[in-house]
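Take a look at the structure set out below.
The values are calculated or read from the model by the stated rules, or taken from the named source; none is laboratory data. For clarity, every value in this text was computed on a predicted model and none was experimentally measured. Using ideal geometry, Cβ is built from the backbone for each residue, glycine included, and neighbour counts are taken over all protein chains shown.
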């Protein structure tokens with residue numbers, strides 16, 4: 001059974017069972033797959049180097065739109081222009097955090113540096129955003145309904161399983177953020 005992240009003399013530490021590691025590795029890889037752009041053949045090397053993507057469009061998948069939202073509400077043209085300038089680097093940053101967190105799962109002991117903890121926080125947040133969209137969480141009542149699912153033996157369908165996974169990643173992220181805050185506290 002997983003143990004919450006804690007801040008101590010070694011840094012931020014946590015423990016995950018092998019099955020929990022595999023679950024997280026799968027979730028991280030699923031989100032990476034969502035974020036990796038489709039092969040676009042020949043692209044202008046200069047545009048790629050500076051991060052421009054003039055062919056980008058708003059994602060049609062709601063979960064991907066949650067990860068890569070419009071920057072300007074109710075202004076499609078301004079949002080598209082911002083997306084052309086920033087989406088490539090945003091995708092790369094998110095993928096990098098997900099891959100870094102996934103690589104940490106290969107270590108026997110989870111001991112996170114400050115940079116590792118930021119990668120984990122980003123990765124867990126992105127997984128939770130996708131799960132929240134798949135579970136159709138729109139308000140506090142929806143979230144409360146999902147949080148009521150706590151017993152793995154009662155997972156009878158995809159939605160209840162996703163709710164349990166969402167609750168697990170939420171708990172893990174909350175413990176990580178608490179450990180990160182403790183690490184920042186200047187008091188001995």
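Return a yes/no flag: does region 145-152 have any residue that is surrounded by 15 or more Cβ atoms within 10 Å (Cβ to Cβ) and within 30 Å of residue 10 (Cα to Cα).
No, region 145-152 contains no residue that is surrounded by 15 or more Cβ atoms within 10 Å (Cβ to Cβ) and within 30 Å of residue 10 (Cα to Cα).
Please determine whether any residue of region 180-187 is without any contact (Cβ under 8 Å) to a residue 40 or more places away in the chain, part of a helix (DSSP H, G or I) and within 17 Å of residue 12 (Cα to Cα).
Going through region 180-187, the residues without any contact (Cβ under 8 Å) to a residue 40 or more places away in the chain turn out to be 181, 184-187.
Filter once more, so that each one left must be part of a helix (DSSP H, G or I): 181, 184.
Within this subset, residues satisfying the condition of being within 17 Å of residue 12 (Cα to Cα) are 181, 184.
Yes, that holds for at least one residue.
Being assigned to a helix (DSSP H, G or I) and either modelled with pLDDT under 90 or buried (at least 17 other Cβ atoms within 10 Å of the Cβ) (or both) is the filter here; which residues of region 90-116 pass it? Break it down into steps so the answer makes sense when it comes.
First, the residues of region 90-116 that are assigned to a helix (DSSP H, G or I): 90-104, 114-116.
Scanning region 90-116 gives 91, 94, 95, 97, 98, 100, 101, 102, 104, 116.
Evaluate region 28-41: report whether one residue or more is at pLDDT 90 or above, closer than 23 Å to residue 179 by Cα, touching a helix residue (DSSP H, G or I) at 6+ places or on another chain (Cβ under 7 Å) and assigned to a helix (DSSP H, G or I). Spell out the reasoning first.
First pass over region 28-41, keeping only residues at pLDDT 90 or above: 28-36.
Okay, now just the ones that are also closer than 23 Å to residue 179 by Cα, so 28.
In the following step, the residues that additionally are touching a helix residue (DSSP H, G or I) at 6+ places or on another chain (Cβ under 7 Å) were identified as 28.
Right, trim to assigned to a helix (DSSP H, G or I) and you get 28.
Among the residues of region 28-41, at least one is at pLDDT 90 or above, closer than 23 Å to residue 179 by Cα, touching a helix residue (DSSP H, G or I) at 6+ places or on another chain (Cβ under 7 Å) and assigned to a helix (DSSP H, G or I), which makes the answer yes.
Quick one: how many residues across region 119-140 are part of a loop (DSSP other than H, G, I, E, B) and either within 21 Å of residue 93 (Cα to Cα) or out of contact with any helix residue (DSSP H, G or I) (no Cβ under 7 Å at 6 or more places or on another chain) (or both)?
2
Taking residue 24, is it closer than 30 Å to residue 168 by Cβ, under 16 Å from the mean Cα position of the chain (by Cα) and at pLDDT below 95?
Details: closer than 30 Å to residue 168 by Cβ: yes; under 16 Å from the mean Cα position of the chain (by Cα): yes; at pLDDT below 95: no.
The answer is no for residue 24.
Of the numbered conditions (1) under 21 Å from residue 96 (Cβ atoms); (2) free of Cβ contacts under 8 Å to residues at least 40 places away in the same chain, residue 8 fails exactly one; give the number of that condition.
(1)
Just wondering, is there one or more residues in region 66-80 that are loosely packed, with under 13 Cβ neighbours inside 10 Å, within 19 Å of the chain's Cα centre (by Cα) and at pLDDT 95 or above? First the steps, then the outcome.
Looking only at region 66-80, we keep the residues that are loosely packed, with under 13 Cβ neighbours inside 10 Å, and these are 73-77.
Within this subset, residues satisfying the condition of being within 19 Å of the chain's Cα centre (by Cα) are none.
No.
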